[in-house]
């Protein structure tokens with residue numbers, strides 16, 4: 001059986017939580033690696049994250065350990081790259097596509113904070129905006145990924161409206177149960193009382209030293225390899241704080257929002273929705 005459900009993005013829009021919730025369902029098998037990036041392996045390999053995408057069919061299918069009605073995965077890189085929808089369609093024309101969209105300004109700032117915390121970005125977002133040609137990958141990851149119109153259009157054109165489910169992050173966050181009920185209908189599986197716990201909460205290192213260590217990818221991988229999930233949770237509670245995210249000025253938010261207004265207007269027409277909440281700070 002082929003993989004038949006794809007959470008394709010957007011990044012920082014709740015896909016990790018959705019992957020976790022769906023994995024609880026008895027008729028769903030989600031990939032053992034949350035983001036295999038199999039259908040975007042060429043594009044992802046050139047990014048600064050140093051990730052190793054799954055690039056063989058045998059390895060890809062080995063990530064699905066049980067044969068269930070729904071075999072699903074969540075690779076957020078699939079939304080942005082224009083060739084991916086056709087690749088997925090050629091693999092399984094009957095696949096169902098799930099797209100999660102977040103206010104592009106909130107998404108941009110959340111993505112920026114994550115990359116700074118992980119040590120990938122040391123530039124101010126103001127500089128990235130002002131000198132975007134000097135920082136093309138940062139500008140792509142923080143800004144261009146939030147230009148949803150063409151990305152969503154590609155999937156609707158390839159798969160058709162019946163095979164594409166659009167979820168807005170604010171709805172997912174405010175009424176998770178209703179969204180999950182709608183999603184089980186879309187996937188044609190039974191409704192379930194899912195256990196809702198926040199995945200990927202914003203965490204701040206408890207000291208400058210922990211912050212310094214956390215920016216080394218090999219240290220993060222070493223810790224994850226040697227600690228059980230239980231001990232990993234203990235370590236997070238000991239060395240990280242669930243602080244509120246840093247505040248950004250209204251002026252900065254307005255500058256970022258200017259990049260998105262035209263695209264938001266086009267997206268409203270495409271999806272026949274009111275996105276006025278995305279047009280104000």
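The values are calculated or read from the model by the stated rules, or taken from the named source; none is laboratory data. Not measured: the values here are computed from a predicted model. For neighbour counting, all protein chains shown are included, and Cβ atoms are generated from backbone atoms with ideal geometry for every residue, glycine included.
Being in contact with a strand residue (DSSP E or B) (Cβ under 8 Å, 6 or more places away or on another chain), closer than 23 Å to residue 168 by Cβ, at pLDDT below 95 and buried (at least 19 other Cβ atoms within 10 Å of the Cβ) is a description that applies to residue 9.
Being under 25 Å from residue 265 (Cα atoms), more than 14 Å from the chain's Cα centre (by Cα) and either surrounded by fewer than 15 Cβ atoms within 10 Å (Cβ to Cβ) or modelled with pLDDT under 95 (or both) is a condition met by at least one residue of the stretch 119-130. Can you spot a residue in the stretch 25-46 that is in the same structural domain as residue 98 (by TED's automatic domain parsing), part of a loop (DSSP other than H, G, I, E, B), in contact with a helix residue (DSSP H, G or I) (Cβ under 8 Å, 6 or more places away or on another chain) and closer than 10 Å to residue 72 by Cα? Yes; the residues of the stretch 25-46 include at least one that is in the same structural domain as residue 98 (by TED's automatic domain parsing), part of a loop (DSSP other than H, G, I, E, B), in contact with a helix residue (DSSP H, G or I) (Cβ under 8 Å, 6 or more places away or on another chain) and closer than 10 Å to residue 72 by Cα.
Is one or more of the residues making up the stretch 37-55 touching a residue at least 60 places away in the same chain (Cβ under 8 Å) and surrounded by 17 or more Cβ atoms within 10 Å (Cβ to Cβ)? No, there is no match, as no residue in the stretch 37-55 is touching a residue at least 60 places away in the same chain (Cβ under 8 Å) and surrounded by 17 or more Cβ atoms within 10 Å (Cβ to Cβ). Of everything in the stretch 131-141 that's in contact (Cβ under 8 Å) with a residue 12 or more places away in the chain and surrounded by 17 or more Cβ atoms within 10 Å (Cβ to Cβ), which residue is farthest from residue 256 (Cα to Cα)? Residue satisfying both the conditions and the ranking: 135.
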